[in-house]
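Chemist: One structure coming up, written as structure tokens, with questions to follow.
The values are calculated or read from the model by the stated rules, or taken from the named source; none is laboratory data. If you're wondering where the values come from, they're calculated on a predicted model, not measured in any experiment. In this analysis, Cβ positions are derived from the backbone assuming ideal geometry, glycine residues included, and neighbour counts consider all displayed protein chains.
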């Protein structure tokens, strides 16, 4: 598995200490990740890594978690910083990689707060027409479980959920709560029915 360490000296940098603490915490919570990918940041800063776990929280569900978004700063981050957790009934890592791409692209620019939208012009995965995500609480973690204390700051794991292009106008009109409670919405299903109205 790829190491976070880029400093060849014996003394760990703050970044290395925070990264190792993060991975140690995630491993205690979820077990050893089976894969890790890296997305280079457009701002030339540190890359964003994304870790993958199979059959979490249940059989057939793929869970990914980013690390690197929290290495940026945003004025709305008063109590802590964000990393992204995604859980879907899929085997396709494209979904998790897409969250890392958004993290790398918008680190320091967007707050990734609940309700935020992130979209692309093309489907995220070949298995679905969905082309973006909205942000909300993690699907299977309690608030205290989604709060991680690193040596230098606190991280809040923030959930992302895929959305169809055709749903974005409705989502913006009715808001997160009504969209979330629609009968067609299934947080894990990448081929769920489209929400075409929200009355």
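Chemist: Which one of these is over 18 Å from residue 148 (Cβ atoms) and either within 16 Å of the chain's Cα centre (by Cα) or not in a helix (DSSP H, G or I) (or both): 75, 57, 33?
Modeler: Just one listed residue meets the conditions, 75.
Chemist: Another question about this same structure. Can you tell me which residues in the stretch 141-153 are in contact (Cβ under 8 Å) with a residue 60 or more places away in the chain, in a loop (DSSP other than H, G, I, E, B) and within 14 Å of residue 65 (Cα to Cα)?
Modeler: 145, 146
Chemist: Which residues, taken from the stretch 154-170, are buried (at least 21 other Cβ atoms within 10 Å of the Cβ) and over 27 Å from residue 71 (Cβ atoms)?
Modeler: Once the filter is applied, which keeps residues that are buried (at least 21 other Cβ atoms within 10 Å of the Cβ) and over 27 Å from residue 71 (Cβ atoms), the stretch 154-170 yields only 167.
Chemist: Given the options 123, 138, name the one that is under 23 Å from residue 170 (Cα atoms), assigned to a loop (DSSP other than H, G, I, E, B) and touching a strand residue (DSSP E or B) at 6+ places or on another chain (Cβ under 8 Å).
Modeler: The unique qualifying residue is 138.
Chemist: Can you name the residue in the stretch 103-116 that is in contact (Cβ under 8 Å) with a residue 40 or more places away in the chain and in a helix (DSSP H, G or I) and is also surrounded by the most Cβ atoms within 10 Å (Cβ to Cβ) among such residues?
Modeler: 103
Chemist: May I pose another question? What pairs come up if the first residue lies in the stretch 20-35 and is over 21 Å from residue 92 (Cα atoms), the second is part of a helix (DSSP H, G or I), and their beta carbons are under 9 Å apart, counting only those six or more places apart or on different chains?
Modeler: That search, which allows pairs on different chains as well, returns 22/70.
Chemist: Could you look through the stretch 138-148, keep only residues that are out of contact with any helix residue (DSSP H, G or I) (no Cβ under 8 Å at 6 or more places or on another chain) and exposed (fewer than 15 other Cβ atoms within 10 Å of the Cβ), and pick out the one that is nearest to residue 105 (Cα to Cα)?
Modeler: 147
Chemist: Something else about it: Which one is surrounded by the fewest Cβ atoms within 10 Å (Cβ to Cβ), of the residues in the stretch 51-79 that are without any contact (Cβ under 8 Å) to a residue 40 or more places away in the chain and under 15 Å from residue 190 (Cβ atoms)?
Modeler: 60
Chemist: Looking at residue 68, is it out of contact with any helix residue (DSSP H, G or I) (no Cβ under 7 Å at 6 or more places or on another chain) and either farther than 19 Å from residue 138 by Cβ or at pLDDT 90 or above (or both)?
Modeler: no
Chemist: Against the definition (more than 18 Å from residue 37 (Cβ to Cβ) and in contact with a strand residue (DSSP E or B) (Cβ under 6 Å, 6 or more places away or on another chain)), how does residue 108 come out, yes or no?
Modeler: Criteria not met by residue 108.
Chemist: Tell me, yes or no, whether the stretch 181-188 has at least one residue that is in contact (Cβ under 8 Å) with a residue 12 or more places away in the chain and closer than 30 Å to residue 45 by Cβ.
Modeler: No, there is no match, as no residue in the stretch 181-188 is in contact (Cβ under 8 Å) with a residue 12 or more places away in the chain and closer than 30 Å to residue 45 by Cβ.
Chemist: Looking only at the stretch 80-100, decide whether some residue is part of a loop (DSSP other than H, G, I, E, B), under 23 Å from residue 43 (Cβ atoms), touching a residue at least 40 places away in the same chain (Cβ under 8 Å) and out of contact with any helix residue (DSSP H, G or I) (no Cβ under 6 Å at 6 or more places or on another chain).
Modeler: yes
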